[in-house]
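Trainee: Mind having a look at this structure? Questions to follow.
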Amino acid sequence: MKKILVANQKTYLNKEEAEAFLNEFKEEGVIFCPSFPFLSMFNNHIIGAQDISKEESSSLTGEITASQLKSLGCQFAIVGHSERRQNEKEDNTTVNKKLLNAEASSLIPILCVGESKEDYDLAKTKEVVETQLRECLKDSTGELIIAYEPIWAIGTGVVPNNQEIKEVITYIKSLYPKYKVLYGGSVKASNIKELNQVEGVDGYLIGGASSIAKELSEIVKSCQ
Ligand code: PGA
């Protein structure tokens, strides 16, 4: 089965590096979420935003709205990424506003949820994920994708074992059967074959590895 692959390039690349990446990367079908200034460089690919403003207005200095992103050709928007929850103190209420704002502009939200290491150690993963989903999805009516990303697996090289991933993905699908569910957190060319053994995973949200053309190409080939 073909997987949904979302490349969250964060702030890894500058302009020259993004150009070099695009010259080298030849695969198709990946949803690219590059840094905002480089979105139009990725026009030959499916594009999404790494974040959006929580409301629509013409006077939000420094923000980028869902309708602006839509006008650039974006089809998706990541909301609730743990780096924004942690660094910008975005809570579930804010994430919910962003998600509804994306829906209102016909962007498909990619909603990130996941537990901290502390919650994991206390066996609270399902509880945390259920609360995040319930609060972030309040009043949502549209199409969306859920990305399960344990915070302790993001950028660390540490990945939950396949049974743990399967358990959380199965749980999310039992609550929200109509949505696709991705796994994210240290997905790499070196572990993609192992991750592909997990039943029920509809795809991956890839951070660090998605800015390295060779690495991402290998992941794409393993998922076709
Ligand atoms: P990572 O990031 O693949 O570098 O762990 C994933 C993410 O932050 O979405």
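Trainee: What's the number of the condition ILE192 fails, among (1) in contact (Cβ under 8 Å) with a residue 40 or more places away in the chain; (2) surrounded by 19 or more Cβ atoms within 10 Å (Cβ to Cβ)?
Mentor: (1)
Trainee: Filter the stretch 27-50 down to the residues that are in contact (Cβ under 8 Å) with a residue 40 or more places away in the chain, surrounded by fewer than 21 Cβ atoms within 10 Å (Cβ to Cβ) and under 16 Å from the mean Cα position of the chain (by Cα) and list them by number.
Mentor: Within the stretch 27-50, just GLY29 meets the criteria.
Trainee: Which condition from (1) under 25 Å from LYS54 (Cβ atoms); (2) touching a Gly at 6+ places or on another chain (Cβ under 7 Å); (3) more than 16 Å from the ligand (Cβ to nearest atom) is the one that THR170 breaks?
Mentor: Checking THR170 against (1) under 25 Å from LYS54 (Cβ atoms); (2) touching a Gly at 6+ places or on another chain (Cβ under 7 Å); (3) more than 16 Å from the ligand (Cβ to nearest atom), the one that fails is (1).
Trainee: Within the stretch 1-26, which residues are surrounded by fewer than 17 Cβ atoms within 10 Å (Cβ to Cβ) and either touching a strand residue (DSSP E or B) at 6+ places or on another chain (Cβ under 6 Å) or among the basic types (Lys, Arg) (or both)?
Mentor: The answer is LYS2, LYS15, LYS26.
Each reported figure results from applying straightforward, stated rules to the coordinates on display, with no laboratory input. What you are looking at is a predicted structure, and each value in this text was computed from that prediction instead of being measured. Please note: Cβ atoms are built from the backbone with ideal geometry, for glycine as well, and neighbour counts cover all protein chains shown.
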